[in-house]
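Presented below is the structure to which this report refers.
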Amino acid sequence: MRCALAMALMFASVISARTASAQGLRDRFSIIGTSNDADTGTASVERRDQVLASLPMKRLTPDAQQRIMAIASSPTIFRQLPTQAISCDREMFLFIARNPEVLVGMWDLMGVTQVQTQRVAPYQLDASDGSGTHCRVDLVYGDPQLHIYVADGYYDGKLVPKSIDGRGVFVFRSSYATSASGETTVTGTLDCFVQLDSLGADLIARTLSGFIGRSADNNFIETARFVSQISEASRRNPQSMIDLANRLPQVPRETQQQFVEVIKHVNRRQHELVQASRQPRTATAATADHR
């Protein structure tokens, strides 16, 4: 079960960074984003078929197509995690979606995870959870509305007599809406296809799929909240966030510097929104004074 759980949460929590990790960091930020804890994911065959039919296969490499279909056509577990709508700067959201090691670095810095990550290529990340789960995650496709990740991994921890191999496809869709005040709401859905090689692990995963799914749901909810908090902290306290970015472990210096620039951009946009909101009031006041 441990292996199945870790594989099912591989992207949503970057391997098995538990809900407590995101929750602990959320408490430290003391800023709560918006999401619906009552939502639960779904695992319908109809939804699975819809996701597969909607993939932009013609825009993927032949290798990516083959890897995706080998997993998604016969998964041990399929689940669509609960849709999340959060207040978050669009640029910040996309940066974190493409650089999840930034999240892990924050959790590591604050002592709430044992996950280790290493960027091995521009779109490839190695990760391990410190308890026997190891995987390589590839971003095989990405645009502002859609990211597709393919992961290969194994579990060789204490709970199994021999290593169990597994793999997953994670389809992450996002849309953006801007309010009259200029605030951006990002709505995201994550569809997970997980496949295990071991017959025993396969049977356990299917038997406990409800529990595994609820764990993934909770982790996705908390991680979404955390991303919202990062964006909000960048708006309100950019210097503290910049200091944090420059100290992140497990994050290459180049990525740290990119993160710093994103923080600055988020803060600058916030200032522009504030200034824009003040201009109508100033103009009205000036007209009243003139009269």
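The values are calculated or read from the model by the stated rules, or taken from the named source; none is laboratory data. Just so it is clear, the model here is predicted, and its values are computed rather than measured. Positions of Cβ are backbone-derived with ideal geometry, glycine not excepted, and every protein chain shown enters the neighbour counts. Please note that ligands, DNA and RNA were not included when accessible areas were found on the heavy atoms of the full protein model with its side chains. Shrake-Rupley method; radii C 1.70, N 1.55, O 1.52, S 1.80 Å.
What nm value, rounded to one decimal, do you get for the distance between Ala121 and Ser73 when each label is placed 7 Å out toward the C-beta?
Modelled inter-label distance: 2.3 nm.
Using label points projected 7 Å from each Cα along Cα→Cβ, tell me how many nm separate Arg236 and Ala53, to one decimal.
In this crude spin-label approximation the distance works out to 4.5 nm.
Taking R0 as 41 Å, what FRET efficiency do you get between Asp63 and Glu183 from their Cβ-Cβ distance, rounded to the nearest 0.05?
Computed FRET efficiency for Asp63 and Glu183 comes out at 0.55.
Using the basic label-point model (7 angstrom from Cα toward the beta carbon), what is the Arg173 to Glu272 distance in nanometres?
Reported label-point gap for Arg173 and Glu272 is 2.9 nm.
Net charge near Cys192, counting Lys/Arg +1 and Asp/Glu -1 over other residues with Cβ under 14 Å of its Cβ?
On the way: positive: Arg47, Arg48, Arg79, Arg167, Arg173, Arg214; negative: Asp191, Asp217.
That works out to +4.
Quick one: accessible area per residue over the range 51-183, 1.4 Å probe, rounded to a whole number of Å²?
Normalised by residue count, the accessible surface of the range 51-183 is 43 Å².
About the Cα centre, and with charges only on the beta carbon of Lys, Arg (+1) and Asp, Glu (-1), how big is the dipole of the range 42-154? Nearest 20 debye, please.
300 debye
May I ask for the equivalent-ellipsoid semi-axes of the range 69-210, computed as the square root of five times each C-alpha gyration tensor eigenvalue and listed largest first in whole Å?
29, 19, 14
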